[in-house]
Ligand code: CMC
């Protein structure tokens, strides 16, 4: 409960209403407007949720002005440097980093579920070889609900946990199968002797005919990329998962909805779009022309990998990735001209008053594509990797919501601006202009 209140005055009538104010452990105070409509007859309008907290959560904290991102209180840089992805998964799912015994148990639980039902292979064959991997992922992850009937009861904590483990364990397998299918290569089964990230790289890049050695630098880089994308509080895809889950849909279906939402270029699809943009710019000399286009409101061109709804400072994930980029490119001996172009674009954009005034800084997607490309992933797979990593965030947020006793179905209201009541007219009189004139 709270002692603080916020008083609202109707300027027309002078009526006043007092609303409770909640304080989080960090971040802005929040006015509780749940009873507003019942008390006042007014809705609030906030279509893209710029001022609306859609839930209470204990998982992830972002301070966009300071460029801070914490999971369960741990700073993202600290996590990226000192933990593994599965340790971060444990923290997101259970509230804390694991100790030695918990870590071993959790890793065992996840590796136990890495294989997918053999029948799922047939789903892949139904897709065109050139299908976008995210289209395949929307389908096959949704299809998991038809294979694991024993973990669909969302009211049973044990089943919720098994579903969470299955999703975290199977996403790399499904993602790697998507890549293999597009290449026309045989699927590679998981190898539970490898770490989560090494196993994923192995399933993506090994072929039965040859030995494949997972480079420790790439394994670590993969792990870092997964850590950096693991959760990001109530972003578009997470909110999609929560809304889908609020109707009591099963967790596999909810995660499939999150994948669909992540696909868009304004969200997870941006990492693919960054490379497309860099290639479109082509040369340092063309940067000014493209910056002018990005500033022109009549031109749909935007600087991909720049800007963020919440960060009005450097995206802390981009800082970590930028430094990883050099290590990976060095290890691989890759001298990618796109990286030089990206650095130059960043430098010039940050000096430009348009970007400075709007606090548009590089986000996580600005550098992730360059690393993933150097690691050998086709560009269409970039957003799939984001989905692999974000699955733990989605499922942790879903679990938190289901375990919140007061949760109800998410059901926004609207400000209706359409036609008022009118009569159905015979077919030959339905020209809208005539109909309007007649009314
Ligand atoms: N290039 C040019 N102008 C921009 C950009 C950009 N990338 N981003 C924002 N702006 C401008 C925008 O036109 C607006 O200008 P004005 O105030 O003059 O109208 C102002 O900055 C504020 O932008 P907004 O559209 O109100 O911001 P938003 O919070 O609705 O959008 C965003 C956030 C991430 C969708 C947007 O910045 C964008 O489209 N960025 C490029 C796509 C991208 O990199 N997405 C990845 C986000 S990070 C990973 C993830 O979370 O998925």
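Throughout, read-outs are computed from the coordinates displayed, never taken from laboratory work. Keep in mind that what you see is a predicted model, and the values were worked out from it rather than measured. Here Cβ is always computed from backbone atoms with ideal geometry, including for glycine, and neighbour counts include all displayed protein chains.
Observations, loosely collected:
- Whole-number D in µm²/s for segment 185-303 (Stokes-Einstein; Kirkwood sum over Cα pairs; 4 °C, 1.567 mPa s): 72 µm²/s
- Mean Cα-pair separation over length for segment 271-425, i.e. relative contact order, pairs under 8 Å, 6 or more apart, %: 31 percent
- Scattering curve values for segment 1-144, log₁₀ I(q)/I(0), Debye with Cα scatterers, q = 0.15, 0.17, 0.19, 0.20 Å⁻¹: -1.00, -1.06, -1.14, -1.18
- The alpha-carbon positions of the chain define a convex hull whose volume is 215 Å³ per residue.
- On Cα atoms only, tilt of 337-351 relative to the major axis of the chain in degrees: 30 degrees
- Stretch gain in nm, segment residue 3-residue 379, where the contour uses 0.36 nm per residue and the Cα spacing is subtracted: 130.2 nm
- P(r) histogram, all alpha-carbon pairs of segment 260-350 included - 10 Å bins from 0, percent: 14, 45, 35, 6, 0
- Exposure proxy ranking for 213, 267, 121, 229, based on other Cβ atoms within 10 angstrom of each Cβ and starting from the fewest, stands as 213, 121, 267, 229.
- If R0 is taken as 35 Å, the Cβ-Cβ distance between residue 313 and residue 18 corresponds to a FRET efficiency of 0.50.
- Result for the chain in a Gaussian network model with C-alpha springs under 10 Å: among 54, 29, 182, the largest mean-square fluctuation is at 29.
- Scattering profile of segment 124-226 at q = 0.11, 0.13 Å⁻¹ [log10 I(q)/I(0), Debye over alpha-carbon scatterers]: -0.40, -0.55
- Once the Cβ-Cβ distance of residue 96 and residue 129 is raised to the sixth power relative to R0 = 56 Å, the FRET efficiency obtained is 0.80.
- Segment 183-225 - Kirkwood radius from inverse mean 1/r over Cα pairs (Å): 10.8 Å
- Normalised by the number of residues in the chain, the mean separation of alpha-carbon contacts (under 8 Å, six or more apart) gives a relative contact order of 19 percent.
- Build a GNM of the chain with springs between Cα atoms under 10 Å apart, and of 272, 248, 414 the one that fluctuates most is 414.
- All alpha carbon pair distances within segment 357-439 were sorted into 5 Å bins beginning at 0; the resulting P(r) in whole percents reads 3, 9, 10, 8, 7, 8, 10, 9, 7, 11, 12, 4, 1, 0.
- By the Kirkwood approach, averaging reciprocal distances over each pair of separate Cα atoms, segment 84-145 gets a hydrodynamic radius of 14.0 Å.
- In the elastic network of the chain, a GNM with C-alpha springs shorter than 10 Å, the most mobile of 371, 136, 287 is 287.
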